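Worksheet for the structure shown next.
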């Protein structure tokens, strides 16, 4: 960690951190996912046009019994073809049951694909918004730095103004001190002259 007073080392460290941040941001931007061109859309809903008819017609209508020789022949034919009727109805029932189950499966699959696509759309939107947020960090920090720099400049200007005022007062006091010293010196010179005159007068009187 560079010393706080080593401005060159601090700038080098800040530049290295900026490069690392920009490189990481570039990698994140390249890793942002998008829908592929062949991503499937939800399939259409199953065709229910003949479902009701299939559920109603899977049973066979057997000929009703009649009287007399005709009835006897009809009953005999029914007994002979009964196994065929039974197998056909079983087949019809199996097919209709299978179609009904496939219809439910197709509806569930369509809903699942639609829900999955919606969820992926939301995830991709979150990724995009997260990238936008991260890209705003540097401008935000820069504005905070400029704000702090402005405050420091204002504080520095205020300190300089106070220092200038104190310097002016100090200069004024120095000037007054010098004037006072000059006056004191003048007074001392005047007193010395007076003492000399007094001595001269005393000597004159003694003679």
Query raised in the report: Restricting the search to the range 81-119, which residues are at pLDDT below 80 and loosely packed, with under 12 Cβ neighbours inside 10 Å?
Result: 82, 83, 84, 86
Report summary line: The condition of being surrounded by 10 or more Cβ atoms within 10 Å (Cβ to Cβ), in contact with a helix residue (DSSP H, G or I) (Cβ under 7 Å, 6 or more places away or on another chain) and under 30 Å from residue 89 (Cα atoms) holds, among 28, 32, 54, only for 54
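Residue check: is residue 78 assigned to a helix (DSSP H, G or I), more than 30 Å from residue 126 (Cβ to Cβ) and at pLDDT below 75? Break it down into steps so the answer makes sense when it comes.
Details: assigned to a helix (DSSP H, G or I): yes; more than 30 Å from residue 126 (Cβ to Cβ): yes; at pLDDT below 75: yes.
Yes.
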Report task. Starting from the range 13-32, take each residue that is part of a helix (DSSP H, G or I) and list its partners that are surrounded by fewer than 11 Cβ atoms within 10 Å (Cβ to Cβ), counting only C-beta distances under 9 angstrom and pairs at least six apart or across chains. Result -> 13/1
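The values are calculated or read from the model by the stated rules, or taken from the named source; none is laboratory data. This one's a predicted model, so the numbers in the text were calculated from it and none came from an experiment. Glycine also receives a Cβ, built like all others from the backbone with ideal geometry; neighbour counts cover every protein chain displayed.
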